[in-house]
Ligand code: SF4
């Protein structure tokens, strides 16, 4: 799988809702894939929500669905996500599913299909985001919650579109989280307090083992360096952390490497969270990935969320925080 979805062989089929076919976003995307077979459909759910789809097969042979999202367009952020101290935390999903195929990704358990849905009615999203933001003094909006939005940028520039439209909205912070190697957005989008690029970083051993199809650690560090060089204050996401997969020393060395390359004064904050998953998503993935050691292991369940044992996490979290605090003030490190 390529490191972004700009390659014209990426999609085997493009499904297009009748109501989406003439929209500027659809026309832009279709122009990028002139040779991919097209199928017109009534509603994206007719394809996306079909029962008994083979999501592992679909991950190998992807399709794209262009659709109109009638709404709602903005949702309250879930408990298992970090809100970084914002009182109001919301997310919006212009894309469903992700070009990458991380073994630990919750999306595999959440959706009945691995096909990517791209919503074409960006103006409706922008209007709904403005309306929601107007009700809060300060609001964090996660835009890569159900996807990796920057990885789609070469197919349709959602990041640029949203940044241009919303960068001056008072009190609104947009977060774009990514494992993508795309760097053009960092040089083309002017730095702003309201636009936050977040980089998901893992030690090479973890990335190689679990983050299938995603750019490697080196490419992500390079992308983060590019963002900093362009003047952005970035967020680092050390999430998910695994216990027992690698000697814990690997994480400590990795933090030292990250902060030797990314100056702390350019880091707005960092998150640290362990592998965790809602019980029903976990069950769905365990069924579709019987070969996965990750989904065959035993975990502790707390409030319907599976993760490592509380004691183990407490111990490792304290160790990691001690190391991270060598580089960043503790109040800039958010844990889950
Ligand atoms: S990059 Fe994120 S959204 Fe994409 S597959 Fe990996 S964990 Fe899931």
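The residue that is nearest to residue 224 (Cα to Cα), counting only those in the range 137-150 that are surrounded by fewer than 23 Cβ atoms within 10 Å (Cβ to Cβ) and within 16 Å of the ligand (Cβ to nearest atom), is 145.
Just one residue in the set 127, 60 is out of contact with any helix residue (DSSP H, G or I) (no Cβ under 6 Å at 6 or more places or on another chain) and over 23 Å from residue 164 (Cα atoms); that residue is 60.
Taking residue 48, is it surrounded by 13 or more Cβ atoms within 10 Å (Cβ to Cβ) and modelled with pLDDT of 95 or more? Yes; evaluated as a whole, the condition is true for this residue. Checking each residue in the range 79-134 for being over 20 Å from residue 196 (Cα atoms), part of a strand (DSSP E or B) and away from the ligand (no atom under 16 Å from the Cβ) picks out only 119. Free of Cβ contacts under 8 Å to residues at least 24 places away in the same chain, under 11 Å from the mean Cα position of the chain (by Cα) and farther than 16 Å from residue 66 by Cα - does that describe any residue in the range 177-185? No.
Residues are listed down the side, and each one gets a yes or a no for (1) without any contact (Cβ under 8 Å) to a residue 60 or more places away in the chain; (2) on the phi > 0 side of the Ramachandran plot:
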| site | (1), (2) |
| --- | --- |
| 46 | yes, no |
| 52 | yes, yes |
| 63 | yes, no |
| 103 | no, no |
| 110 | no, no |
| 113 | no, no |
| 123 | yes, no |
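For the range 151-170, residues that are part of a helix (DSSP H, G or I), in contact (Cβ under 8 Å) with a residue 40 or more places away in the chain and within 16 Å of the ligand (Cβ to nearest atom) total 3. Could you look through the range 171-181, keep only residues that are part of a loop (DSSP other than H, G, I, E, B) and buried (at least 17 other Cβ atoms within 10 Å of the Cβ), and pick out the one that is nearest to the ligand (Cβ to nearest atom)? The residue in question is 179.
Residue count for the range 275-287 under the criterion of being in contact with a helix residue (DSSP H, G or I) (Cβ under 8 Å, 6 or more places away or on another chain) and surrounded by fewer than 18 Cβ atoms within 10 Å (Cβ to Cβ): the result is 2. So which residues in the range 61-78 are surrounded by 12 or more Cβ atoms within 10 Å (Cβ to Cβ) and not in a strand (DSSP E or B)? Hits for the range 61-78 are 61, 62, 68, 69, 73, 74, 77, 78.
The values are calculated or read from the model by the stated rules, or taken from the named source; none is laboratory data. Since the model is a prediction, treat every value here as computed from it, not as a measurement. Note that each Cβ is placed from the backbone with ideal geometry, even for glycine, and that neighbours are counted across all protein chains shown.
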